[in-house]
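In what follows, a single structure is set out as structure tokens and then discussed.
The values are calculated or read from the model by the stated rules, or taken from the named source; none is laboratory data. Computed from a predicted model, the values in this text were never measured in an experiment. Heads up, the Cβs are rebuilt from the backbone with ideal geometry, glycines too, and the neighbour counts pull from every protein chain shown.
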Amino acid sequence: MPQSKFKGMADPTGMRRNLANYGDAGFSVFLRKAFIKAMGYTDEALDKPIIGIVDTNSGYNACHRNVPDLIEAASRGVMLAGGIPIPFPVISIQESFSNPTSMYLRNLMALDVEEMIRAQPMDAVILLGGCDKTVPALMMGAASANIPAIMLVTGPMLAGSWRGEKLGACTDCRRFWARYRAGDIDEQQIDEVNSELAPTIGTCGVMGTASTMALTVEALGMMLPGGAAVPAVHAERRRLAELTGKRAVEMAAERLTPDRILTPAAYRNALRVLLAVGGSTNALIHLTAMAGRSGIAIDLDGFDAMGRETPVLVDLKPTGQHYMEDLYKAGGLTPILRQLGNLLDRSCLTVTGKTLGENIDAMPPDWPQDVIRPITEPVYRTGAMAVLRGSLAPDGALIKQAAATQSLLQHEGRAVVFDGLADMAARLDSRDLDVAPDDILVLRNAGPKGAPGMPEAGYIPIPKKLAQAGVKDMVRISDARMSGTAYGTIVLHIAPEAASGGPLALVKTGDRIRLNTAGRRIDLLVDDAELAKRRATLPPLPSGEGRRGYDKLYFDTVTQAERGCDFDFCIPEIVHRVP
Ligand code: FES
């Protein structure tokens, strides 16, 4: 019997990779080919390198609505380079269509991506997605699976326009909603705004989490140069997809695996870019989770120190004025990298097979523009974000000081406590709420386990009666996250969270809290004896008891913010610390 066509191989490629196990490799190949031939493939085609393309399209996901087009273009690139493209689905997560939160599902998607890459035959994989949790989930899965992988994002949406004013999701979603709550615009006007906030498909058009993740992944070296900022509907996005397909075939031949790219130095570069673009606070959690998959821990205090020497260079909403389409026209990531100069490690290997420095040098020269500032005239001189510690956050907390009211960064006030999202929803807008503009709003039980899923609820709305009186910002603190598109004097990611017994659980309305951003402190001004008394009367912490399915897996194994909220069993031994 002629075996050669079907036999397994010691170092298999293409269709012979990742065989279903029947105890007979030859039979596994034979059966696999029988089924795939049902789709019309020839033997010649099936002998080519196989490039998997992760299909994250869904009818619920406008951020990924161009995925079919990009698969077509990437497939063309794969075939031009002599490979066979095979798209395959994984779950799709869109921010506003994910109950309880998209963060709750990110790790499920990462598991899905990792296992589908491992389970199916492919010599390289194109990671295609864009919405906030998708890019980190794809990266986490790919880092763990460790076959040659290249990211292709769906790209940002274009900005909209309302009565002559430029606007876009989702900074302006919050800005206009706040104006509507304050009675500043009426029902008809907010309806008109609603139709203009996301005028095209693609990811949010400001420096939110999706844009930040795209830029930091390009800085990591996992995307073709210039790939982060190209709008979703631009022809260049499709050309990039074709080039990505072509490059994926070459990467398969070169066996250019993520472990060669995702080094401590590459993560240092990504953190530097996160700070320089004034990026989303969420990105720190995602980069921590991604780095964790490569045995790299991100040290919060080191990140804070890096922030002190990294200015914000990009003038984009929510901290600045412009939109992602403007960043694209200004040259995308490359001029930012050039401004950062020797703050970056140019020797890092990237998906091009060349170093970051070589990629930068090969891009067109910069041109005059007003979106990316020279490093000598930054938008914000130091540290888009600051890491806080103190009696309220022994394991750390984060504030995006570039998006805060500067006069509130040093502030002491009376706590007004909400015990969870339901409590906040029930009382925040009550006329009876005892609250003043210099109070500090506290939200707890909104962390990784508490909510669960660490919702983007840290942007606690200004209580209605204060909003109507013209109050625009207050100090707000929580164990939740905040959308990267939000702004305000907001302390986030307090760890440990209240639901894990963190000190946030002990705060009472009326306590004094001191925020000292310059000194990197967040403290509850209550003496230890009183806190010990309160701890003794706390109700039992929530437990995994009575949970089932994914909820149980999530609850029992999710880590706190400082470990990226990844599942503990997915994080290998930590062998490096960055920065
Ligand atoms: Fe998908 Fe903003 S909701 S990127």
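If R444 passes every condition in (1) in contact with a Gly (Cβ under 8 Å, 6 or more places away or on another chain); (2) more than 18 Å from E562 (Cα to Cα); (3) modelled with pLDDT of 95 or more but one, which one does it miss?
(2)
R118 - would you say it is away from the ligand (no atom under 16 Å from the Cβ), modelled with pLDDT of 95 or more and either buried (at least 22 other Cβ atoms within 10 Å of the Cβ) or farther than 24 Å from L243 by Cα (or both)?
The answer is yes for R118.
Report, by residue number, each residue of the stretch 86-97 that is surrounded by 22 or more Cβ atoms within 10 Å (Cβ to Cβ) and away from the ligand (no atom under 11 Å from the Cβ).
Listed by number, the list holds a single entry, V90.
Output yes when any residue across the stretch 232-248 is of a type in the set (S, T, Y), more than 14 Å from G353 (Cβ to Cβ) and in contact with a helix residue (DSSP H, G or I) (Cβ under 9 Å, 6 or more places away or on another chain), and no when none is. First the steps, then the outcome.
Kept after step one, since they are of a type in the set (S, T, Y), are these residues of the stretch 232-248: 244.
Keeping just the survivors that are more than 14 Å from G353 (Cβ to Cβ) gives none.
The answer is no; no qualifying residue exists.
Taking K449 as the residue in question, decide whether it is surrounded by fewer than 24 Cβ atoms within 10 Å (Cβ to Cβ) and either part of a loop (DSSP other than H, G, I, E, B) or not aromatic (F, W, Y) (or both).
For K449, the condition - surrounded by fewer than 24 Cβ atoms within 10 Å (Cβ to Cβ) and either part of a loop (DSSP other than H, G, I, E, B) or not aromatic (F, W, Y) (or both) - is not met.
Somewhere in the stretch 125-143, is a residue over 26 Å from P231 (Cβ atoms), in contact (Cβ under 8 Å) with a residue 24 or more places away in the chain, more than 16 Å from the ligand (Cβ to nearest atom) and surrounded by fewer than 24 Cβ atoms within 10 Å (Cβ to Cβ)?
No, every residue in the stretch 125-143 fails to be over 26 Å from P231 (Cβ atoms), in contact (Cβ under 8 Å) with a residue 24 or more places away in the chain, more than 16 Å from the ligand (Cβ to nearest atom) and surrounded by fewer than 24 Cβ atoms within 10 Å (Cβ to Cβ).
Sort out which residues of the stretch 533-570 are part of a loop (DSSP other than H, G, I, E, B), without any contact (Cβ under 8 Å) to a residue 24 or more places away in the chain and in contact with an Asp or Glu (Cβ under 6 Å, 6 or more places away or on another chain), and write them in order of number.
Residues of the stretch 533-570 part of a loop (DSSP other than H, G, I, E, B): 537-548, 559-560, 564-566.
Filter once more, so that each one left must be without any contact (Cβ under 8 Å) to a residue 24 or more places away in the chain: 537, 539-540, 543-548.
The one that is part of a loop (DSSP other than H, G, I, E, B), without any contact (Cβ under 8 Å) to a residue 24 or more places away in the chain and in contact with an Asp or Glu (Cβ under 6 Å, 6 or more places away or on another chain): G544.
Mind listing just one residue for me: the one in the stretch 209-262 that is buried (at least 24 other Cβ atoms within 10 Å of the Cβ) and among the hydroxyl-bearing types (S, T, Y) and, of those, farthest from G484 (Cα to Cα)?
Across the stretch 209-262, the extreme among qualifying residues is T244.
Give G564, G510, G502, G546 a once-over and let me know the one that is of a type outside the set (S, T, N, Q), under 30 Å from L343 (Cα atoms) and out of contact with any Leu (no Cβ under 6 Å at 6 or more places or on another chain). Lay out the reasoning, then the answer.
Values: G510 fails: under 30 Å from L343 (Cα atoms); G502 fails: under 30 Å from L343 (Cα atoms); G546 fails: under 30 Å from L343 (Cα atoms).
So the residue among G564, G510, G502, G546 that is of a type outside the set (S, T, N, Q), under 30 Å from L343 (Cα atoms) and out of contact with any Leu (no Cβ under 6 Å at 6 or more places or on another chain) is G564.
So, restricting to helices (runs of 4 or more DSSP H) that lie completely within the stretch 291-409, which ones have at least 2 residues that are within 20 Å of the chain's Cα centre (by Cα)?
Passing ranges, in order: 300-308, 324-329, 333-340.
Specify which of the listed residues (S280, S195) is within 29 Å of D69 (Cα to Cα) and surrounded by fewer than 19 Cβ atoms within 10 Å (Cβ to Cβ).
That would be S195, the only listed residue that is within 29 Å of D69 (Cα to Cα) and surrounded by fewer than 19 Cβ atoms within 10 Å (Cβ to Cβ).
Just one of (1) under 19 Å from L313 (Cα atoms); (2) touching an Asp or Glu at 6+ places or on another chain (Cβ under 6 Å); (3) at pLDDT 95 or above trips up R414, so point out which.
Of everything listed in (1) under 19 Å from L313 (Cα atoms); (2) touching an Asp or Glu at 6+ places or on another chain (Cβ under 6 Å); (3) at pLDDT 95 or above, R414 misses just condition (1).
Considering G40, G83, G77, G26, which residue is farther than 23 Å from P148 by Cα, surrounded by 16 or more Cβ atoms within 10 Å (Cβ to Cβ) and away from the ligand (no atom under 16 Å from the Cβ)?
From the options G40, G83, G77, G26, the qualifying one is G26.
Give, as residue ranges, the helices (runs of 4 or more DSSP H) completely inside the stretch 166-283 that count at least 1 residues that are more than 16 Å from the ligand (Cβ to nearest atom) and within 20 Å of N57 (Cα to Cα). Outline the logic, then answer.
Working: elements: 171-181, 187-194, 209-220, 235-254, 258-261, 264-276.
By residue number, 235-254.
If you check D432 against the conditions, is it in contact with a His (Cβ under 9 Å, 6 or more places away or on another chain), over 27 Å from S500 (Cα atoms) and free of Cβ contacts under 8 Å to residues at least 40 places away in the same chain?
For D432, the condition - in contact with a His (Cβ under 9 Å, 6 or more places away or on another chain), over 27 Å from S500 (Cα atoms) and free of Cβ contacts under 8 Å to residues at least 40 places away in the same chain - is not met.
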